[in-house]
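Below is one structure, written out as structure tokens; comments come after it.
Coordinate-derived values only; no laboratory data. From a predicted model like this one, the values you see are computed outputs, not experimental measurements. Because the Cβ atoms are built from the backbone with ideal geometry, glycine has one as well, and the counts that use them run over all protein chains shown.
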């Protein structure tokens, strides 16, 4: 099972599941030529997709087009079912920046065939995350700036105030479908500016100066 680090904590936290929100910024929906959703669009990544700063992001051999998607990530300290939006803030243990790495060519084929996105979104190393800022240090209902740069050039930058669905509603909505558990990660959606990364690139994501995660892009080694 994958783990995360919360700043100030002595031991890593195990992650039961990763729940991701798609199309949560209007401009990103537009660049993907997709409709703005009336409810959050959800998909899952396995905890084995997690990598930490300094570890490589590996593009699988079955893909030639991997894209970056920077996101605010929330770690839960407790869980529940059918949680009222006003009570969801109390579930949060910490905030981080993460990357929803996506095999765009694989996803495109899946969309055309009406198939799930699991391979395109959940492959090993597809969920890089920074260390988590404790929720108590962030204050109530915090707003963050997140950004992603590739080889030193900023490609994505946004305030989380621009999200279509606010965090309290996202957690409420998810809890009506999946029972939330302590350690769960919620990727809250990416802004416009997604684009390709290639083996040899260096990618870095930042959260309002509090946390960052940096990785080299490599290609998977051929099977022997």
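Tell me, how many Å apart are the Cα centres for segment 195-216 and for segment 148-175?
Comparing the Cα centres of segment 195-216 and segment 148-175, I get a distance of 15 Å.
Mind pulling the per residue volume of the convex hull built on the Cα atoms of the chain? Å³ is fine.
So the per-residue hull volume is 122 Å³.
Note the angle between two axes, namely the Cα long axis of helix 104-113 and the longest principal axis of the Cα atoms of the chain, as a number of degrees from 0 to 90, rounded to the nearest 10.
80
Could you tell me the calculated FRET efficiency between residue 181 and residue 141, based on Cβ-Cβ distance and R0 = 30 angstrom, to the nearest 0.05? If you can, show how the numbers build up before the last one.
Numbers: r = 23 Å, r/R0 = 0.76.
Step by step, r from the Cβ atoms, then E = 0.85.
Relative contact order, percent, of segment 36-136 when contacts are C-alpha pairs under 8 Å separated by at least 6 residues?
In percent, rounded to a whole number, it is 39.
According to a simple spin-label model (label point 7 Å from Cα along Cα-to-Cβ), what is the distance in nm between residue 109 and residue 32?
2.0
Using a 7 Å offset from the Cα along the Cα-to-Cβ direction at both residue 82 and residue 64, what is the distance between the two label points in nm, to one decimal?
About 5.1 nm, to one decimal.
How high is the relative contact order of the chain, given as a whole-number percent (alpha carbon pairs under 8 Å, six or more residues apart)? Before the final figure, lay out the partial values.
Values: 558 pairs, mean separation 72.8, N = 224.
Across the chain, relative contact order equals 32 percent.
Among 205-214, 74-83, 90-99, how do they line up from the highest to the lowest mean number of other beta-carbon atoms within 10 Å?
Working: 205-214: 19.7, 74-83: 17.6, 90-99: 24.3.
Ranking, from highest mean packing down: 90-99, 205-214, 74-83.
Tell me whether segment 49-145 comes out rounded, prolate or oblate; compute the Cα gyration tensor, take square roots of the eigenvalues as a ≥ b ≥ c, and use a/c under 1.5 as the rounded threshold.
Cα axes put segment 49-145 in the prolate bin.
Can you sort 223, 63 from fewest to most other Cβ atoms within 10 Å of each residue's own Cβ?
So the ranking, lowest neighbour count to highest, is 223, 63.
What does the extension gain come out to for residue 166 and residue 201, with contour length at 0.36 nm per residue minus their alpha carbon separation?
9.3 nm
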